[in-house]
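To keep things clear, I will list the structure first and then write my remarks on it.
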Amino acid sequence: MALEYDLLNENVKKCQYAVRGELYLRASELQKEGKKIIFTNVGNPHALGQKPLTFPRQVVALCQAPFLLDDPNVGMLFPADAIARAKHYLSLTSGGLGAYSDSRGLPGVRKEVAEFIQRHMFVVTVCFPHSDPELIFLTDGASKGVMQILNCVIRGEGDGILVPVPQYPLYSATISLLGGSLVPYYLDESENWGLDVNNLRQSVAQARSQGISVRAMVIINPGNPTGQCLSEANLKEILKFCYNEKLVLLGDEVYQQNIYQDERPFISSKKVLMDMGSPFSKGVQLVSFHTVSKGYWGECGQRGGYFEMTNIPPRVVEEIYKVASIALSPNVSAQIFMGLMVSPPKPGDISYDQFARESKGILESLRRRAKIMTDGFNSCKNVVCNFTEGAMYSFPQIRLPPGALQAAKQAGKVPDVFYCLKLLEATGISTVPGSGFGQKEGVFHLRTTILPAEEEMPEIMDSFKKFNDEFMAQYDNGFGYSRM
Amino acid sequence: MRRFVIGQAKNLIDQTRRRPPQPHHHNNLRLLSLLRPPASDTTPVSSPRLFSSSSSDMPGSDSSTSSLPVTLDSINPKVLKCEYAVRGEIVSIAQRLQDDLKTNKDAYPFDEIIYCNIGNPQSLGQQPITFFREVLALCSHTALLDESATHGLFSSDSIDRAWKILDQIPGKATGAYSHSQGIKGLRDAIAAGIEARDGFPADPNDIFMTDGASPGVHMMMQLLISSEKDGILCPIPQYPLYSASIALHGGSLVPYYLDEASGWGLEISELKKQLEDAKSKGITVRALAVINPGNPTGQVLSEENQRDIVDFCKKEGLVLLADEVYQENVYVPDKKFHSFKKVARSMGYGEKDISLVSFQSISKGYYGECGKRGGYMEVTGFTSDVREQIYKVASVNLCSNISGQILASLVMSPPKPGDDSYDSYIAEKEGILSSLATRAKTLEEALNKLEGVTCNRAEGAMYLFPCINLPQKAIAAAEAAKTAPDAFYCKRLLNATGIVVVPGSGFRQVPGTWHFRCTILPQEDKIPAIVNRLTEFHKSFMNEFRD
């Protein structure tokens, strides 16, 4: 055989990606056997019944079949503003959806993204410059952008990237594929997954003492899987820290539309950085990521995203452009989705009312679901759960009794994997064990999305509670909890 | 500036290559080590020169930004090293010219830029296949399927097909992430299409759908390459995706030269020679990349030749990476496309005998749907533990885009006789393919009429790759301008005619020979003007530089 397992790139073998790991594969098997599975393992809203927003789908359908635009009857199927918008986006392409675009994405769409970022930063002053379309690259989903930037930063295992723990495993997987070192910083569960800058200092000092040059820091805001929203004051501390320690900040802001409380609205790292002024606004290198997969859009299957670079030298931008050009171009229909996301229908447009109604409906329902889920988990024995302030996930801590730890050991499973497999077999709820995201030693979690349909939510939580009660009754032999 | 530096390096290399004592292949491997970063470099004399010039001579260099964590000096050297000429310097110049043309029309002897640098058919006016786009529109906005007016605007089989596809997607959710290998029902359609094409069974579980063919190539390189000790045999000239991907993953490109004199033939003796040579340098060759039909060279391999290649891979234990994205683009009656899988199976070789990856794309063929980013790889002859690793890497990327997946399934299962759209589909398809054949022939003949130019016929793919015998005076002028001679020619061509082509050095070529790659994609009515402009330019170029 030409390609033996032993000969594979070690970095590939090392890489782990739990969101589609053992639990997901078992769930798929059970589904094939005819069992009803509730997939809460991936933030994939449409798979759980969320309907796509009508207006963008109308526009993209017209772009797919531009000959419809010449048909006198097109008005019977499409509103005038969708027709106008389709013509607008087709005019930005050089050959419709079937032609490669510029490798950075269509210039016209990048301009719309820049204007969107600008609108969210309010005033333009001398020290508060315009967002520049040349520094915005469209990508096939945000993940592709993260990989491109990390590929640029990581030269070898001597290069470290600060990553929150728990983290979205894209980061650990990519760092390991690229052969770099993941430098963890722990979020504080007792402080609602707060980010303590003192922890960061310790992590950096420790990594440096091991000869690792820490080069970048990742923040996920709102948090995945932890759901917390960072405050402006906290972001300022982080940016100062990056300035002092010379770290590139990668701001994963893909959940910026998903906010379920009013105390801390989303604020972008870019805005905070620009507000801080000199020397920070020119001295911190920042790359921000966004996507069409999340928010009330949830258009995961389109694979659309962008990143914006701040304070990255032009010649490095050129290198990133070169690497992007090897992939030719991001897919054009997702670029149009991105254009529509950053410039949705405005009040007065024919489609505005419907668009506003649909998007508000989705967000309000998500907010209610976040609450049902947190409350549901907190009512279960040996389960504690922080409120989902944002994003799409609930990340309850499961205090596994010693009996369960022992049973897991006997089954040859990590304890939380053991728990999640049992949950899956008993209820059909497919979750991801906390070990896939990283957690403090001896503490166990699971991640579930808050995406199942609202009307199914009470039933899901009931079936979870029933399972958990039985599990705890079976394994809790009275010797106390495992929590350190 | 980077390009300039690398251009300088190329000159240096090309000069050393033209010195007679060493055989070509040896020098070509030196090129690899030369372009390697100082840290891992084994040729101390040339390399620091190359890199010091890039960091110190630069106006507005990073001195003002040196306190930043990420600068040109501190990024991944593999990123610096890789190159992708199809979108390189000449294209940047063309884009500037195009912008300037809008306001400054009279300054140029042409009124438009004609992009012959990249296989991007729809950007040059090729129309998409109506049936495919109807289905995609219906899948993009599924509410259309409930409207009675839809029946007036769409063909009946496109409506049927859209329903059929939606039924294969869990929850009919075209906005959801799919299985990381692609939607199972669509992979079933692709496997059935491969089976119909080859006459041998295909397994949907062997199909990995990707955003275009390129991510599949990257995935395989990532799997195969651990260090510069791992080599991949690549044709020279090659499509630069291969050299770029190998560089990004830190491996070694082991070149094998196609024989221009025999219509870019692939000689097994050359493969053997290069394999031995690589071994003697401590490189373990892991795979052989074959592009059939060829890019940029346009040759279609004979079945007999393919059998020899399969035997070679089997004997040497190499993974065969078969780039078959141009399988629908064959223009000559005496040649036919055969997939490597069909050839291997017809020789009696099964799963256990040969590891084979076949790449297909929706960007090429008569469909030319580049902007959709759809494609797949069919992976056969790997153990299950290796397959799991491929799946894992695919899963980090979540999935490829759904409309690209749908289109890939349509391309492999187009309308059949009796379907409502069949006649229009065949007319559109035949129209595109026969026009491409005409264009290939016209351009080839025109090129062969030029002084000092010889051009093999484009049997397939989308490109012509003429050899230009440049006069010494032109080579000297290029060297004075610190540019490769073929790039010099191509820049002159662009400035005089607005025609954008890619210098042969971007694809690599036998040292001392010069080529350019030109697509056959401009619409047929533009071809006569292109021929005229090209002919005029070449005449005046030769008048200026003839020795």
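May I ask you to list the residues in the range B:357-393 that are at the interface with another protein chain (Cβ under 7 Å from one of its Cβ atoms) and surrounded by fewer than 24 Cβ atoms within 10 Å (Cβ to Cβ)?
Passing the criteria: B:PHE382, B:THR383, B:ASP385, B:VAL386, B:GLN389, B:LYS392, B:VAL393.
Could you check how many residues of the range B:173-190 are crowded, with 20+ Cβ neighbours inside 10 Å and either polar (S, T, N, Q) or more than 9 Å from chain A (Cβ to nearest Cβ) (or both)?
Of the residues in that region, 10 qualify.
Among the residues of the range A:361-370, are any within 14 Å of chain B (Cβ to nearest Cβ), among the basic types (Lys, Arg) and either within 30 Å of B:SER67 (Cβ to Cβ) or surrounded by fewer than 21 Cβ atoms within 10 Å (Cβ to Cβ) (or both)?
no
Got at least one residue in the range A:105-127 being within 26 Å of the chain's Cα centre (by Cα), surrounded by 19 or more Cβ atoms within 10 Å (Cβ to Cβ), modelled with pLDDT under 95 and within 14 Å of another protein chain (Cβ to nearest Cβ)?
No: the range A:105-127 contains no residue that is within 26 Å of the chain's Cα centre (by Cα), surrounded by 19 or more Cβ atoms within 10 Å (Cβ to Cβ), modelled with pLDDT under 95 and within 14 Å of another protein chain (Cβ to nearest Cβ).
Report, ordered by the first and then the second residue, all pairs with beta carbons closer than 6 Å, sequence separation of six or more or different chains, a first member in the range B:525-543 that is assigned by the TED database to the domain that holds B:PRO466, and a second member that is hydroxyl-bearing (Ser, Thr, Tyr) and in a helix (DSSP H, G or I).
Pairs found: B:ILE527/B:THR442; B:ARG533/B:THR497; B:PHE537/B:THR497.
I need a count of the residues in the range A:386-421 that are open to solvent by 20 Å² or more (accessible area, probe 1.4 Å) and of a type in the set (S, T, N, Q).
Residues meeting the conditions: 3.
Looking only at the range A:288-310, decide whether some residue is farther than 26 Å from B:GLU369 by Cβ, assigned to a loop (DSSP other than H, G, I, E, B) and in contact with a strand residue (DSSP E or B) (Cβ under 8 Å, 6 or more places away or on another chain).
Within the range A:288-310, not a single residue is farther than 26 Å from B:GLU369 by Cβ, assigned to a loop (DSSP other than H, G, I, E, B) and in contact with a strand residue (DSSP E or B) (Cβ under 8 Å, 6 or more places away or on another chain).
Considering only residues of the range A:246-296 that are in contact with a helix residue (DSSP H, G or I) (Cβ under 6 Å, 6 or more places away or on another chain) and facing chain B (nearest Cβ under 10 Å), which is surrounded by the fewest Cβ atoms within 10 Å (Cβ to Cβ)?
This residue is A:GLY283.
Can you find a residue in the range A:374-385 that is open to solvent by 10 Å² or more (accessible area, probe 1.4 Å) and in contact with a Ser or Thr (Cβ under 8 Å, 6 or more places away or on another chain)?
Yes, the range A:374-385 contains at least one residue that is open to solvent by 10 Å² or more (accessible area, probe 1.4 Å) and in contact with a Ser or Thr (Cβ under 8 Å, 6 or more places away or on another chain).
Going by the structure shown, is B:ALA247 crowded, with 24+ Cβ neighbours inside 10 Å and under 22 Å from B:LEU80 (Cβ atoms)?
For B:ALA247, the condition - crowded, with 24+ Cβ neighbours inside 10 Å and under 22 Å from B:LEU80 (Cβ atoms) - is met.
Here is a yes/no grid of residues against (1) open to solvent by 10 Å² or more (accessible area, probe 1.4 Å); (2) in the same structural domain as B:ARG373 (by the TED database); (3) at pLDDT 95 or above:
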{"residue": "B:CYS82", "(1), (2), (3)": "no, no, no"}
{"residue": "B:VAL86", "(1), (2), (3)": "no, no, no"}
{"residue": "B:ILE93", "(1), (2), (3)": "yes, no, no"}
{"residue": "B:LYS102", "(1), (2), (3)": "yes, no, no"}
{"residue": "B:TYR108", "(1), (2), (3)": "yes, no, no"}
{"residue": "B:SER123", "(1), (2), (3)": "yes, no, no"}
{"residue": "B:CYS139", "(1), (2), (3)": "no, no, yes"}
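Determine whether the range B:330-352 contains at least one residue that is within 15 Å of the chain's Cα centre (by Cα) and either within 14 Å of another protein chain (Cβ to nearest Cβ) or not in a helix (DSSP H, G or I) (or both).
no
Read through the list (1) open to solvent by 50 Å² or more (accessible area, probe 1.4 Å); (2) within 14 Å of another protein chain (Cβ to nearest Cβ); (3) modelled with pLDDT under 95, then give the number of the only condition that B:SER424 fails.
Going through (1) open to solvent by 50 Å² or more (accessible area, probe 1.4 Å); (2) within 14 Å of another protein chain (Cβ to nearest Cβ); (3) modelled with pLDDT under 95 one by one, B:SER424 breaks only (3).
Restricting attention to the range A:5-17, report how many residues are within 10 Å of chain B (Cβ to nearest Cβ) and part of a helix (DSSP H, G or I).
7
Please pick out the residue among A:ASP275, A:ASP262 that is assigned to a loop (DSSP other than H, G, I, E, B), of a type in the set (Asp, Glu) and modelled with pLDDT under 95.
A:ASP262
Return yes when B:ARG197 is modelled with pLDDT of 95 or more, within 28 Å of the chain's Cα centre (by Cα) and more than 9 Å from every other protein chain (Cβ to nearest Cβ) and no when it is not.
When the stated conditions are applied, B:ARG197 passes them.
Of the residues in the range A:459-484, how many are modelled with pLDDT of 95 or more and within 22 Å of A:THR226 (Cα to Cα)?
5
Which ones in the range A:156-213 are open to solvent by 10 Å² or more (accessible area, probe 1.4 Å), within 12 Å of another protein chain (Cβ to nearest Cβ) and touching a strand residue (DSSP E or B) at 6+ places or on another chain (Cβ under 7 Å)?
Passing the criteria: A:GLY158, A:TYR168, A:SER172, A:GLY180, A:SER213.
Is it true that A:VAL183 is within 21 Å of the chain's Cα centre (by Cα) and free of Cβ contacts under 8 Å to residues at least 60 places away in the same chain?
yes
Determine whether the range B:323-344 contains at least one residue that is more than 30 Å from B:THR438 (Cα to Cα), assigned by the TED database to the domain that holds B:ALA196 and surrounded by fewer than 24 Cβ atoms within 10 Å (Cβ to Cβ).
No: zero hits.
Among the listed residues A:GLY34, A:GLY98, A:GLY21, identify the single one that is within 11 Å of chain B (Cβ to nearest Cβ) and either open to solvent by 20 Å² or more (accessible area, probe 1.4 Å) or within 26 Å of the chain's Cα centre (by Cα) (or both).
None of the others qualify; the one that does is A:GLY21.
Name the single residue, out of those in the range A:37-71 being open to solvent by 40 Å² or more (accessible area, probe 1.4 Å) and charged (D, E, K, R), that is nearest to the other protein chains (Cβ to nearest Cβ).
Per the criteria, the residue is A:ASP71.
Do any residues in the range B:279-292 that are touching a residue at least 24 places away in the same chain (Cβ under 8 Å) have Cβ atoms under 7 Å from those of residues that are outside any strand (DSSP E or B) and open to solvent by 40 Å² or more (accessible area, probe 1.4 Å), where the two are at least six apart or on different chains, and which pairs are they?
These pairs meet every condition: B:GLY282/B:LYS229; B:ILE283/B:LYS229; B:THR284/B:LYS229.
Can you pull out every residue in the range B:152-166 that is modelled with pLDDT under 95 and either within 22 Å of B:GLY216 (Cβ to Cβ) or surrounded by fewer than 16 Cβ atoms within 10 Å (Cβ to Cβ) (or both)?
Result: B:GLY152, single match.
Which one of the conditions (1) within 14 Å of chain B (Cβ to nearest Cβ); (2) over 22 Å from the mean Cα position of the chain (by Cα); (3) open to solvent by less than 40 Å² (accessible area, probe 1.4 Å) does A:GLN354 fail to meet, given that it meets all the rest?
Single failed check for A:GLN354: (3).
Which of the residues that make up the range B:99-141 are among the small types (Gly, Ala, Ser) and more than 14 Å from chain A (Cβ to nearest Cβ)?
B:ALA107
When residues of the range A:418-456 are filtered for being in a helix (DSSP H, G or I) and either at pLDDT below 95 or acidic (Asp, Glu) (or both), how many remain?
Number satisfying all stated conditions: 7.
The values are calculated or read from the model by the stated rules, or taken from the named source; none is laboratory data. All figures in this text were calculated on a predicted structure; none of them were measured in a lab. Quick reminder, even Gly has a Cβ in these numbers, built from the backbone with ideal geometry, and neighbours come from all protein chains shown. When the accessible area is computed, the model is the full protein with side chains, heavy atoms only, and any ligands, DNA or RNA have been set aside. Shrake-Rupley method; radii C 1.70, N 1.55, O 1.52, S 1.80 Å.
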